[in-house]
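Just so it is clear, none of the values below were taken in a lab; they were calculated from the coordinates. Computed from a prediction, not measured in an experiment: that's the story for all the values here.
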Amino acid sequence: MKDNRSMLNATLAGILAVGATAISTTANAVPDQPKAWEKCYGIAKAGMNDCGSLDGKHSCSGQSTKDDDTNEWVYVPKGTCTKITGGSVGGEKPAKT
C-alpha cells in the first residue's frame, strides 16, 4: 500500500511539473503587441503587398506582381525590417492600442 501511494505521489508530481512547464513555455511563445509598425520595402511576395507601390504603378494592396519588388511594402513591427534580407524601412506608424 505504501509503495502504491509513493508511486501515485510521484506520478502526480510529474504531471504537475509537465503542466507547469507547458504553461510557462506557451506564455513566452506569444510576443508582445508592437508599439509601432514600419513600412518594409523589398520583402513582399507577389499579391501580398499592404498598399500602393513606391513607384506609383498601383494604389491598392494585393496588386504587386513579383516577389521582393523594392517598390512594394508590408507593415512589420518596428525594428524588424532591417533584420530581414532585402528589407528597407520606408516609414512608420503607431500601433492600435
Between GLU92 and ILE15, what length in nm is gained on full extension when 0.36 nm per residue of separation is reduced by their alpha carbon distance? 23.1 nm
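Taking only C-alpha pairs under 8 Å that are 6+ residues apart, what is the relative contact order of the range 36-94 in percent?
So the answer I get is 49 percent.
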Full extension from MET48 to ASP67: what is 0.36 nm times the residue separation minus their Cα-Cα distance, to one decimal in nm? 6.0 nm
If you stretched the chain out fully between SER6 and LYS57, how much longer would it get, using 0.36 nm times the residue separation minus the C-alpha to C-alpha distance? 11.1 nm
